[in-house]
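The values are calculated or read from the model by the stated rules, or taken from the named source; none is laboratory data. The structure presented is a predicted model; accordingly, all values stated were derived computationally and were not measured. Because the Cβ atoms are built from the backbone with ideal geometry, glycine has one as well, and the counts that use them run over all protein chains shown. Side chains are part of the model used for accessible areas, which takes the heavy atoms of the whole protein and leaves out ligands, DNA and RNA. Shrake-Rupley method; radii C 1.70, N 1.55, O 1.52, S 1.80 Å.
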Amino acid sequence: MASANIVFAQEIQGDRLNLNGRDYPVAWQQWRDAQNQLRTGISDGGLAQRFGVLLGSTTDPFQQPVAWFQHQFSPLAVRFSANGMYRYLDITPWIEQHQWRVQPQGNTLQISTPPARILSWRQGRQPWGDRWVFELDRPTPWQINRLTFSRTALTPRDLSLTIEATGELATLPNVKVTATPDRTVLETQIPGTVRPVASMLLNPPRLVIDFRTDAPPPRTIQWAPGLRWQQQTVILGTRQFPVDLLIINPRQPGLRLRPLGITPTTLVGLATLPELAQRWQAAAAINGGFFNRDRQAPLGAIRSEGHWLSGPILNRGAIGWDDRGQIVVGRLSVQQRVRTPTGTVPIVTFNSGYVQAGLALYTPSWGASYQGKTGSEVVITVRNEQVVGQQPISNHQTVPIPSEGFLLVARNLNSALLANFPPGAAVQLETTAMPAAFNSIPNIVGAGPLLVNQGRVVLNAALEQFGAGLDAQAAPRSAMGNRSDGSIVWVTTHNRIGGRGPTLAEWAQIVHQLGLINAVNLDGGSSTALYLGGVLVDRHAVTTTRVNNALGVFWQPTP
């Protein structure tokens, strides 16, 4: 019965929405149903972010309860894109009900909503905090289009609220109101501990914004078969930590979980998590391992489908998995050597932003070329397992990486060891991971520290050569692990209720309390982000920062 919702014939689609003259990156689709009626779908995240639609909990991926100027949640039918990146909600009933004008134009879906007016605006006080109430003459789209991130509980956050309606609004202290002929924008600052919570009422239509400091209510959305998004609050003593989880069934047909580099052809560069997810056409994504922001290169292990892309550093925590759901965690190192007819030389780093003295390996996965890093290096070019030649290079000098070979970059390597690589010498790479269980695992991401292993908290940041500042700092966090039921779990958190995010010790306790029997900390701080179906679900899009690598979930619906 569910598969009947996935039909790809006679359809048009795009990824831009023009709402009352303003363009947004929103996925959409139009198709004809069995009765030849034209249907229009907009991605669930697009409806939530650009129209103000509230998404309710559901266990059915093909029916999404929504609320938008109505008394209770009611379901909209779900349809998936052919590549599984987006989940469209069928808004065809709303188009007639609210008299929207809808017209596709190339890649853009143009939607015009009838002019609306704000009849009154008042501010009140509730037990949990301030309340804004906007009384309208008709339902109309609205959006919170800026909500900046607060690093401390005392730092104010910028808030911008746009309502597709006009009206003469009374002046409130510390609120800037900008009115145009078709919309009203309100800008203010709110305390770092406060979050805006919207609700909508009917008869008359009203938009209510509550500014709350308590924990958000739990929510669970079965986004796709085998892919569940969950929001809840974890309590540690008197501390409360709102978390977002993506719970993945690795045995679900059509689901795959893979590391994501910056592009298919290079490991060097930075991009936002939504950019990475859309570049790779992933349905979901989470930020991955650490990286050198200046060199824009990974600082940890990345292995995808059995192919090593980047090597681990400092024996730090890593997690590996296969498509059957087997999970391996541990403090990962790789012994890598290059063997020649006259000797064997160890390789200290592999496609890494971690620059060390010794011999470094750069393969085509790094990119088309290598650029000198230390000012005094010798590059050994290898093609088809044979040395082509050696050349000293200066800082920032570029050397091409052969597509059928690799480069060995010697830093502070003595001439006796360089003598192992004369032109024409045959060379062979040898790579062994430790613990040995990682050798047979096709997909690996390294970050650290290791948080939980076999059901026990095993956090030891110093053992993985993390500084004491990282261990004790309260900050946003992200992690990946698994549960005893075989599910793989991604989890993020930002601020605790009333304060900053967790310390690493608190983070280990949080993921353990969430039922993860194995878990590894991922890159955190400003990198922390969770993406699903075209949007960030754990933070506002304007606060996102660029990262070097990520993890992605790919889902291929069955027609």
With Rg and the Kirkwood Rh both taken from Cα atoms, where does Rg over Rh land for the chain?
-> 1.02
What residues qualify as long-range amide H neighbours of L109, i.e. H under 5 Å apart, gap of 5 or more or another chain, H built at 1.01 Å from N?
-> R16, L17, N18
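For H494, H396, H71, write out the residues from largest to smallest accessible area, computed with a 1.4 angstrom probe and no ligands counted.
Greatest to least solvent exposure: H71, H396, H494.
Shape call for segment 22-104 from the C-alpha gyration tensor, a ≥ b ≥ c root eigenvalues: rounded (a/c under 1.5), prolate (a/b greater than b/c) or oblate?
Rounded, since a/c falls under 1.5.
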Selected from G534, A505, N548, residue furthest toward positive end of dipole (segment 416-559; charges at beta carbon) = G534
Looking at segment 385-458, which GluC sites (Glu not before Pro) are DSSP coil and have at most 13 other C-beta atoms within 10 Å of their C-beta?
-> E385, E404
Can you give me the P(r) profile for segment 18-176? Cα pairs, bins 5 angstrom wide beginning at 0, each as a whole percent.
-> 2, 7, 14, 19, 19, 15, 11, 7, 4, 1, 0, 0
Quickly work out the V133-to-R117 label distance, labels modelled 7 Å from Cα along the C-beta direction, and quote it in nm with one decimal.
-> 2.0
Using only protein heavy atoms and a 1.4 Å probe, report how much of D182 is accessible, in Å² to the nearest 10.
-> 70
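With charges set only on the Cβ (+1 for Lys and Arg, -1 for Asp and Glu), what does the dipole of the chain come to about its Cα centre, in debye to the nearest 20? Don't jump to the answer; show the numbers that get you there.
Details: 46 positive and 34 negative charges, 118 e Å.
Roughly 560 debye, rounded to the nearest 20.
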Can you pull a Stokes-Einstein diffusion coefficient for segment 207-299 at 4 °C (1.567 mPa s), Rh from Kirkwood over Cα pairs, as a whole number of µm²/s?
-> 79
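Sorted by accessible area with a 1.4 angstrom probe, largest first, how do E377, E275, E305 fall?
Accessible-area ranking of E377, E275, E305, largest first: E305, E275, E377.
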Stretched out fully, how many nm does the piece from Q473 to D158 gain, at 0.36 nm a residue minus the Cα gap?
-> 111.0 nm
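Averaging over all projection directions, find the projected area of the Cα convex hull of segment 397-475 and quote it in nm² with one decimal place.
One quarter of the hull surface, i.e. the mean projection, equals 10.2 nm².
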In square nanometres and to one decimal, what's the mean projected area of the convex hull around the Cα atoms of segment 340-386?
-> 3.9
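Work out the P(r) tail for segment 117-190: percent of alpha carbon pairs separated by more than 20 Å, whole number.
Here the tail beyond 20 Å accounts for 33 percent of pairs.
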Rounded, prolate or oblate (a/c below 1.5 giving rounded, otherwise prolate when a/b exceeds b/c) for segment 458-542 by Cα gyration tensor = oblate
Rounded to the nearest 10 Å², the accessible area of M434 at probe 1.4 Å | 80
For a quick protection proxy, order the peptides 93-99, 249-255 by their average other-Cβ count within 10 Å, most packed first.
-> 249-255, 93-99
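Given the -39500 (n - 2.57) contribution per DSSP H run of 4+ residues, what per-residue ellipticity at 222 nm results for the chain, rounded to the nearest 500 deg cm²/dmol?
Details: 5 runs with 33 residues, N = 559.
Roughly -1500 deg cm²/dmol at 222 nm, from the helical runs in the chain.
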Filter the chymotrypsin sites (Phe, Trp or Tyr not before Pro) in segment 115-206 down to the DSSP loop ones having no more than 15 other Cβ atoms within 10 Å, then list what survives.
-> W128
Between helix 504-513 and the chain: long-axis angle, C-alpha atoms, 0 to 90°, nearest 10 | 70
For K176 and L236, what is the calculated FRET efficiency with R₀ set at 60 Å and r taken between the beta-carbons, to the nearest 0.05?
-> 0.95
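Give me the mean projected area, in nm² to one decimal, of the convex hull enclosing the Cα positions of segment 329-462. Can you show the working numbers first?
Details: hull surface 37.2 nm².
Over all viewing directions, segment 329-462 projects a mean Cα-hull area of 9.3 nm².
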Among V66, G448, A360, the residue whose Cα sits farthest towards the positive end of the charge dipole of the chain (+1 at Cβ of Lys and Arg, -1 at Cβ of Asp and Glu, taken about the Cα centre) is G448
Share of accessible surface on carbon and sulfur in segment 434-559, whole %, 1.4 Å probe and ligands ignored, is 53
Just how large is the dipole of segment 17-93 about the Cα centre, in debye to the nearest 20, putting +1 at every Lys and Arg Cβ and -1 at every Asp and Glu Cβ?
-> 120
Nearest-20 debye value, segment 314-438 charge dipole, Cβ charges on Lys, Arg, Asp, Glu | 280
For segment 458-511, state which trypsin sites (Lys or Arg not before Pro) are in a DSSP loop and have at most 16 other beta carbons lying within 10 Å of their beta carbon.
-> R483
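Nearest 0.05, what FRET efficiency do E96 and A505 give at R0 = 56 Å with Cβ-Cβ as r?
0.50
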For segment 150-233, the Debye formula with one identical point scatterer on each Cα and no solvent gives log10 I(q)/I(0) at q = 0.15 Å⁻¹ as -0.79
